[in-house]
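*Asks:* Supplied in structure tokens, the structure appears directly below.
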Ligand code: HEM
């Protein structure tokens, strides 16, 4: 009987090895799979046999289909044998389905208003200029991750949540510890605990005296303190590493493609498109995972209830059926429809903020330092291989003094 239900082709494991010499390309195996079978059987580290989706249309279809659940406790981990996953923590809307998810999503969407985004744009401009000034004073070489790519999103999350100025240094110290690769486990855990405690205290303070920021607004909703603290933690977790790596790895990609860099420098109107194309080309947040709630026919295959589906957004974003000449960074192309922010009900909540940050910070950096270049050979830039969010650990850059 086992034979009869055996998969038609050998299940694969999730490819993670990127081609040497190109820090921007996904593992080559993903392209082969996408070509052969955009929905393939996949063996998970715990022995589960589920699925791996690599084609743009099939990845998008799963993300859009409510029969695929985001509930963490229903999933098998695609990269590690860590046993049964616990349900999402309170306030973590990434790991729940409608209607619980809808309640959080509605409350939060209403807080990402046009007015708030406009105010945040002004703050990104100020914060960006301050950090460029500091870099200029210090002189090259500097590590762009530490000097620019990390502090900008961290400070923007402070703006969004309404972390008071006096607390920013503590807040940033803990987030830096969390984001730095070299720090030991104990220090990481201590920083995480300190941040959670900090967020909890912040929620209580805002309850007592509401302020005009996202957390302050939400204290007037029916969310509990625990939910608010969890939401604060989620925004922090979702908005920092992702944006920081888009800024740093995006700069690395531009410096590695001089013709594209020149195009962006000479045509500032290209910035919006450039951001979308960098999102497509780099796809730093990958993969997404879902679990089938019932038997589902898709792409000529039968996905059984309870099976986990891993969605390779990086493979989808390099699908030649959707994006011609997909492995070329082309800032002039129309990259709309990329899945770098996901798709469907869980599509990135912070995407407008992330876009504002990239849209402002990338061109500002290039304008301030017209001779910006890597300070080490490209092969020596340490890549975030095997991390949740791909990118670079450090990006040593330098420039000519005026
Ligand atoms: C969801 C990517 C910035 C908050 C997501 C998802 C992706 C993503 C791919 C969907 C995951 C899934 O469906 O499983 C990114 C990238 C960013 C970025 C690449 C930077 C360039 C931000 C920022 C914030 C944020 C700045 C917060 C201010 C969230 C939240 C969710 C989410 C709360 C969950 C939404 C839900 O479950 O309904 N993001 N993100 N993200 N992102 Fe982002």
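*Asks:* Could I have the simple spin-label model distance between residue 28 and residue 170, label points 7 Å from Cα toward Cβ, reported in nm to one decimal?
*Replies:* 5.2 nm
*Asks:* What length, rounded to one decimal in nm, is gained on full extension from residue 89 through to residue 293, with 0.36 nm per residue of separation minus their alpha-carbon distance?
*Replies:* 71.4 nm
*Asks:* Please build a GNM for the chain, connecting alpha carbons under 10 Å apart, and tell me which residue among 78, 66, 153 fluctuates the most.
*Replies:* The residue that fluctuates most here is 66.
*Asks:* Of all the C-alpha pairs in region 186-293, what % are more than 17 Å from each other?
*Replies:* That tail contains 68 percent of the Cα-Cα pairs.
*Asks:* If you count, for each residue, the other Cβ atoms within 10 Å and average over each peptide, how do 23-29, 357-363 line up from highest to lowest?
*Replies:* Taking the mean over residues of other Cβ atoms within 10 Å, the ranking is 357-363, 23-29.
*Asks:* List 9, 251 from most exposed to least, where exposure is judged by having the fewest other Cβ atoms within 10 Å.
*Replies:* If I rank by nearby Cβ atoms, fewest first, I get 9, 251.
*Asks:* When N is the residue count of region 106-206, what does its C-alpha Rg come to as a fraction of 2.2 N^0.38 Å?
*Replies:* 1.21
*Asks:* Report, to two decimal places, the Cα Rg of region 244-402 normalised by 2.2 N^0.38 Å (N = number of residues).
*Replies:* 1.18
*Asks:* I want to make sure I understand the PRE zone here: with the label point 7 angstrom from the Cα of residue 221 toward its beta carbon, which residues in region 315-354 have backbone N atoms less than 16 Å away?
*Replies:* 346-351, by backbone N distance to the label point.
*Asks:* I would also like to ask the following. Report the relative contact order of the chain, percent, no decimals, based on alpha-carbon pairs under 8 angstrom and at least 6 residues apart.
*Replies:* 23 percent
*Asks:* Let me ask something additional. Let me check the size of the chain from its C-alpha atoms; what are the radius of gyration and Dmax in Å?
*Replies:* Every Cα atom of the chain included, Rg and Dmax give 21.5, 75 Å.
*Asks:* From Cα pairs below 8 angstrom and at least 6 apart in sequence, can you work out the relative contact order of region 279-402, rounded to a whole percent?
*Replies:* 22 percent
*Asks:* What's the long-distance tail for region 1-150, i.e. % of Cα pairs beyond 25 Å?
*Replies:* Counting every Cα pair in region 1-150, those more than 25 Å apart make up 58 percent.
*Asks:* Let me ask something else about it. Determine by what factor the alpha-carbon radius of gyration of region 99-150 differs from 2.2 N^0.38 Å, reporting the quotient.
*Replies:* 1.74
*Asks:* Quote the convex hull volume per residue of region 359-402, based on C-alpha atoms, as a whole number of Å³.
*Replies:* That works out to 78 Å³ per residue.
*Asks:* When only Cα pairs under 8 Å and 6 or more residues apart are kept, what is the percent relative contact order across region 36-132?
*Replies:* 18 percent
*Asks:* Would you look at the GNM of the chain, springs on alpha carbons closer than 10 Å, and say which of 249, 346, 56 moves the most?
*Replies:* Comparing 249, 346, 56 in a Gaussian network model of the chain, the most mobile one is 346.
*Asks:* For a quick check, take a GNM of the chain with Cα springs below 10 Å and name the residue from 22, 348, 158 with the largest mean-square fluctuation.
*Replies:* The residue that fluctuates most here is 22.
*Asks:* Among 165, 189, 390, 104, which comes first, second and so on when ranked by fewest other beta-carbon atoms within 10 Å?
*Replies:* 165, 189, 104, 390
*Asks:* Another one. Can you put 157, 296, 96 in order of Cβ neighbours within 10 angstrom, beginning with the fewest?
*Replies:* Lowest to highest Cβ neighbour count: 296, 96, 157.
*Asks:* Let me ask something else. Taking only Cα atoms of region 288-377, what ratio of Rg to Rh do you get with Rh as the Kirkwood inverse-distance radius?
*Replies:* 1.11
*Asks:* Next up: Quickly work out the residue 82-to-residue 380 label distance, labels modelled 7 Å from Cα along the C-beta direction, and quote it in nm with one decimal.
*Replies:* That separation, rounded to one decimal, is 3.4 nm.
FYI, it's all coordinate maths here, none of it is from the lab. A quick note: this is a predicted structure, and the numbers were derived from the prediction, not measured. Neighbour counts run over all protein chains shown; Cβ positions are idealised from the backbone, glycine included.
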